[in-house]
Every structure is written in C-alpha cells, then in structure tokens.
Amino acid sequence: TGLLLGQAGEFAFVAVALARSLNLLPDGLAQFVLIVVGLSMVATPFIAIGAHRLSALIERHAGEALQAAGWHTLEGMQGHIVIAGFGRVGRTVAALCDAEELPYLALDWDSANIAEARAADLPAYFGDASRTEMLRRAQLGAARTLVVTMDNPTAAEQVVRNARGEYPELPIYARARNRAHARALLALGATDVVPENLESSLQLAGRVLAATGCSDDVITRRIDAQRAMELENVQARTAPLVSR
C-alpha cells in the first residue's frame with residue numbers, strides 16, 4: 001500500500017503550474033518537478049506489479065515460518081477430519097467438531113488466518129490444500145473425511161480433483177458457490193456438495209413461515225423437502241422453482 005501511494009497524481013500538474021504562475025517556483029525547478037511527476041505516473045503500473053510480488057514474498061516467508069511449526073505432530077494421526085479452508089465456513093465446521101470432540105486439522109494459505117488460529121491453539125496449518133503434497137502431509141489417507149470450504153472455486157475444484165485421484169474411497173464434502181460450481185465438484189468426485197446460499201435461504205424461508213403462523217412440524221417438513229429437491233436438482237441439472 002505504501003508503494004502504491006508513493007506516486008504523484010494529475011493534480012500535481014495543476015499545483016506546479018499554479019505555483020509557477022505565482023512565481024513560487026523557479027522555471028527550472030518547476031520543469032524538474034513536472035518531469036518527476038510524469039515519470040512517477042508512468043512507473044505506477046510497474047510499481048504495482050512489484051508491490052504485489054513483494055507482498056506475496058513477505059506473506060510466503062511468514063507462512064513458511066508457520067508451516068514449519070507443528071507438522072511433526074501429525075505423524076501417525078488417523079480418523080481425523082481435514083478441513084481445506086479456514087475462513088468463516090471452515091471455522092464453523094471446526095467449532096462443531098470441537099463441540100463433538102472430533103479430531104480435525106485445518107489447512108489454509110492465508111497466513112493471517114493461520115496465525116490467528118494458532119494463537120487460539122487451534123489445529124490449523126499453513127499450506128495450499130490444492131497441492132497433493134500438502135494433502136499427504138495432513139495424513140489425508142488416514143482421515144475420516146475431507147471437507148472443502150475454500151472461497152476460491154478453482155482452488156476448491158483442484159482440491160477435490162487431487163484428493164479423489166489419490167484417495168478414491170475417501171468421503172469428500174464440499175461447499176459450492178452456486179449450482180454450476182456444485183455440479184463441477186460432483187463431477188470431479190465430491191461425495192456431497194452444498195451450495196453456500198442454500199441453507200441461508202432455507203433458514204430465511206423458515207423464519208418467514210414461522211412469522212405467518214406455520215407450526216414447527218410444517219416448517220421442518222417444508223424445509224427438508226425443499227432441501228432434498230434442491231440437492232436433487234444439482235445432481236439432475238434441473239431447477240424447478242418449488243417443491244410439491
């Protein structure tokens with residue numbers, strides 16, 4: 001951010017021209033300043049590229065320090081749940097695992113997420129779960145299941161593709177961005193997929209039905225039926241509007 005804020009902008013031309021007209025700057029200095037302003041503006045795209053690479057390098061070094069810590073404790077681990085992605089969805093899954101005392105470990109390539117999780121003494125590790133090597137380090141072959149909760153659809157698809165290729169019998173549950181993404185994940189070998197907007201829309205609909213006086217039994221039955229139909233639609237590539 002600092003590098004991107006270092007360049008001059010178009011307003012500098014106005015300011016220098018005004019200062020020159022008021023004899024606040026000598027002509028030679030004004031010309032020199034205008035040249036510097038122009039060059040800094042021309043350099044801005046290249047500085048942006050460099051800043052992006054520098055930032056990635058700094059984050060990678062921070063992640064490597066996190067990655068080096070704790071991996072040896074995973075050797076021999078089995079019967080655990082591997083969570084690929086430790087954002088809001090991954091943390092919710094982890095919280096429920098904790099509540100039921102189910103062993104799990106999480107992978108995420110955001111060093112800030114991992115640092116925060118490690119500070120809370122959570123079993124989260126820095127790494128790109130879309131890499132087969134990282135899945136092996138997480139002892140995925142001995143895991144109970146893989147849960148893919150990553151925000152990036154392409155990365156999520158790569159995780160499912162690699163995991164299914166390495167471990168044909170492993171149950172894989174994935175979060176999908178939408179129906180099209182859900183179908184892609186299923187085609188790649190996911191065991192079950194839930195579009196991220198499905199449960200929130202069902203919960204909202206349930207609140208609306210409750211507000212109109214529907215009983216809990218009716219609401220539960222309607223929500224279960226709609227959920228089943230929506231998931232069938234993902235499998236069958238059809239999309240009727242409501243369940244009967």
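Per residue, how much accessible area does the chain show when a 1.4 Å probe rolls over the protein heavy atoms, in square angstrom?
59 Å²
Pick from 210, 12, 184 the residue whose mean-square fluctuation is largest in a GNM of the chain, springs joining Cα atoms under 10 Å.
Looking only at 210, 12, 184, the biggest GNM fluctuation is shown by 12.
Tell me, what is the percent relative contact order of the chain, built from C-alpha pairs under 8 Å that lie six or more residues apart?
13 percent.
Once phi is turned into θ = phi - 60°, what whole-Hz ³J(HN,Hα) does the Karplus curve with 6.51, -1.76 and 1.60 give for every residue of the stretch 125-134, x standing for Gly and Pro?
3J(HN,Hα) across the stretch 125-134, in whole Hz: 9, 6, x, 8, 5, 6, 8, 4, 4, 5.
Sum -39500 (n - 2.57) across every DSSP H segment of at least 4 residues in the chain, then divide by the residue count to get the 222 nm mean residue ellipticity, nearest 500.
Numbers: 9 runs with 141 residues, N = 244.
Calculated mean residue ellipticity at 222 nm is -19000 deg cm²/dmol.
Using a simple charge model, +1 on the beta-carbon of Lys and Arg, -1 on the beta-carbon of Asp and Glu, nothing else, what dipole does the chain show about its Cα centre, in debye to the nearest 20?
Its charge dipole is roughly 620 debye.
With axes computed from alpha carbons, what is the tilt in degrees of helix 27-68 against the longest principal axis of the chain, rounded to the nearest 10 within 0 to 90?
Helix 27-68 sits at roughly 30 degrees to that axis.
Applying the Karplus parametrisation 6.51 cos²θ - 1.76 cosθ + 1.60 with θ = phi - 60° to the phi angles of the stretch 186-197, what ³J(HN,Hα) value in whole Hz is obtained for each residue in order, glycine and proline being reported as x?
Couplings: 5, 5, 7, x, 5, 6, 8, 9, 10, x, 5, 8 Hz.
Between 170, 143, 154, whose Cα lies farthest towards the positive end of the dipole of the stretch 142-181 when Lys and Arg beta carbons carry +1 and Asp and Glu beta carbons carry -1, centred on the Cα centre?
Value: 154.
Under 5 Å between amide hydrogens, which residues at least 5 positions from residue 124 or on another chain qualify, with H placed 1.01 Å from N in the peptide plane?
106
Under a 10 Å cutoff between Cα atoms, tell me which one of 155, 94, 211 has the largest fluctuation in the Gaussian network model of the chain.
Looking only at 155, 94, 211, the largest GNM fluctuation is found for 211.
I need the phi-derived Karplus couplings for the stretch 166-175: 6.51 cos²θ - 1.76 cosθ + 1.60, θ = phi - 60°, integer Hz, Gly and Pro marked x.
Ordered by residue, 3J(HN,Hα) equals 7, 10, x, 9, 6, x, 10, 10, 9, 8 Hz.
Pick from 11, 86, 46: which residue has the top mean-square fluctuation in a GNM of the chain where Cα pairs under 10 Å get a spring?
Maximum fluctuation in the GNM of the chain, among the listed residues, is at 11.
Given DSSP loops and a limit of at most 15 other Cβ atoms within 10 Å, what is the longest stretch of the chain that contains no such GluC sites (Glu not before Pro)?
For GluC sites (Glu not before Pro) (loop position, at most 15 other Cβ atoms within 10 Å), the longest site-free span of the chain is 170-244.
Please report, as a whole percent, how much of the solvent-accessible surface of the chain comes from carbon and sulfur atoms (probe radius 1.4 Å).
Carbon and sulfur: 59 percent of the exposed surface of the chain.
The values are calculated or read from the model by the stated rules, or taken from the named source; none is laboratory data. Everything numeric here is computed off the predicted structure, so don't read it as measured data. Backbone-built Cβ (ideal geometry, glycine too); neighbour counts: all protein chains shown. Remember, those area values only see protein heavy atoms, side chains included, never the ligands or the DNA or RNA. Shrake-Rupley method; radii C 1.70, N 1.55, O 1.52, S 1.80 Å.
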